[in-house]
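Colleague: One structure coming up, written as structure tokens, with questions to follow.
Every read-out reported here was derived from the displayed coordinates using simple, explicitly stated rules and does not represent laboratory data. Model, not experiment: these values are computed from the prediction. Positions of Cβ are backbone-derived with ideal geometry, glycine not excepted, and every protein chain shown enters the neighbour counts.
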């Protein structure tokens, strides 16, 4: 049996939204580093943080102040720091941050760093919501990275970010591209989405025969107060069974051992990829 040990870190905002983005970044990094070290000491091989993990979820506002939260990938401070920690702990790290391409062109993004500290590439969030309380198009351009799968030291890894999870096409594209483990860093609050949180990723894991790590933040963030971020980060196996889950309200590192042979076993049993009929799906790609 090939076992992969993975970790997810969920965390409440440190500091407050009256601080500058640089000050908040420093606070959030300071708070995460002990958890990263703890993950490394526990033997975690693949680690992921929550969506835009160095900042508040600022999208309830339409305040250009938060444009200064952007960083370059891979040349920005956070990515470089995480490369050091990845190498130190021989650990793959997925780093979800607010990315600057050029001035005025910004993405909700995640950098993928291999266990030796090498920058492998990035995924840019594809689907961007624009509804009351979630004015993401004010901050993020829709991603143009496609659905890359990264051959890391330990597994074939995909990334799908928050609102993306409501769109089954991306999960399938990542699985067809070879993903064995897909992480979904998120920022989601109580309400309808809390029911969906327990439904969508397990269903997607079962439909695609892969492991999924779902990461959410915790707490409330004034002054917006759009609701409570309910944590509950978890890892789900290719049968759709949750195998490890965090609390709803605590900063936490959740760790799971994944039997990677289950990916092949489940895909061979259900044969969803074999029985697909892409020749009949043409209307699904037509604009409406």
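Colleague: Expressed as a whole number of Å, what is the distance separating the alpha-carbon centroids of the range 107-133 and the range 147-221?
Modeller: Distance between centres, Cα-based: 12 Å.
Colleague: Place a point 7 Å from the Cα of residue 220 along the Cα-to-Cβ direction; which residues of the range 54-72 have their backbone N under 16 Å from it?
Modeller: 57, 60
Colleague: Using the Cα gyration tensor of the range 240-288, with a ≥ b ≥ c the square roots of its eigenvalues, what is the shape: rounded (a/c below 1.5), prolate (a/b larger than b/c) or oblate (neither)?
Modeller: Working: a/c = 4.88, a/b = 1.66, b/c = 2.95.
The shape class here is oblate.
Colleague: Students often check this: by mean Cβ neighbours within 10 Å, which of 2-12, 120-130 ranks highest, and how do the rest follow?
Modeller: Taking the mean over residues of other Cβ atoms within 10 Å, the ranking is 2-12, 120-130.
Colleague: Additional query: Percentage of Cα-Cα pair distances in the chain greater than 37 Å, rounded to whole percent?
Modeller: Values: 3523 of 41328 pairs.
The calculated P(r) of the chain puts 9 percent of pairs beyond 37 Å.
Colleague: Assuming a ≥ b ≥ c are the square roots of the Cα gyration tensor eigenvalues, decide whether the range 1-74 counts as rounded (a/c under 1.5), prolate (otherwise, with a/b larger than b/c) or oblate. Before the final figure, lay out the partial values.
Modeller: Working: a/c = 2.72, a/b = 2.23, b/c = 1.22.
Prolate.
Colleague: Provide the packing ranking of 38-49, 63-74, 262-273, i.e. peptides ordered by the mean count of other C-beta atoms within 10 Å per residue, highest first.
Modeller: 38-49, 63-74, 262-273
Colleague: Express the Stokes-Einstein translational diffusion coefficient of the range 155-226 in µm² s⁻¹, to the nearest whole number, given a Kirkwood radius over alpha-carbon pairs, 20 °C and a viscosity of 1.002 mPa s.
Modeller: Values: Rh = 12.8 Å.
So the translational diffusion coefficient is about 168 µm²/s.
Colleague: Suppose R0 equals 25 Å. What FRET efficiency, 1/(1 + (r/R0)^6) with r the Cβ-Cβ distance, do residue 116 and residue 77 give to the nearest 0.05? Working shown, then result.
Modeller: Working: r = 20 Å, r/R0 = 0.81.
It comes out at approximately 0.80.
Colleague: Now a separate question. Calculate, axis by axis, the spread of Cα positions in the range 73-127 along the three principal axes, and write the results as whole Å, longest axis first.
Modeller: So the extents along the principal axes, rounded to whole Å, are 35, 22, 13.
Colleague: Fully extended, how many nm does the chain gain between residue 130 and residue 177 (0.36 nm per residue separation, minus their Cα-Cα distance)? Write out the running numbers ahead of the final one.
Modeller: Numbers: separation 47, 0.36 × 47 = 16.92 nm, distance 2.87 nm.
Using 0.36 nm per residue and subtracting the Cα-Cα distance, I get 14.0 nm.
Colleague: Now for a separate question. Along the principal axes of its C-alpha atoms, what lengths does the range 123-193 span, in descending order and rounded to whole Å?
Modeller: Answer, in whole Å and largest first: 40, 26, 21 Å.
Colleague: How many nm is it between the label spots at residue 137 and residue 62, if each spot is 7 Å from the Cα in line with the beta carbon?
Modeller: Label at residue 137, label at residue 62, 1.1 nm between them.
Colleague: How large is the convex hull of the C-alpha atoms of the range 1-149 per residue, in Å³?
Modeller: Working: hull volume 17.6 nm³, N = 149.
That works out to 118 Å³ per residue.
Colleague: At 0.36 nm per residue, minus the direct Cα-Cα distance, what do residue 276 and residue 103 gain on full extension? Give it in nm, one decimal, please. Working shown, then result.
Modeller: Numbers: separation 173, 0.36 × 173 = 62.28 nm, distance 4.23 nm.
Net length gain for the segment: 58.0 nm.
Colleague: Given the -39500 (n - 2.57) contribution per DSSP H run of 4+ residues, what per-residue ellipticity at 222 nm results for the chain, rounded to the nearest 500 deg cm²/dmol?
Modeller: Rounded to the nearest 500, the figure is -7000 deg cm²/dmol.
Colleague: How many percent of Cα pairs in the range 99-238 exceed 20 Å?
Modeller: Details: 4708 of 9730 pairs.
It works out to 48 percent of all Cα pairs.
Colleague: Could you check the simple spin-label distance between residue 26 and residue 38, using points 7 Å along Cα→Cβ, in nm with one decimal?
Modeller: Reported label-point gap for residue 26 and residue 38 is 2.4 nm.
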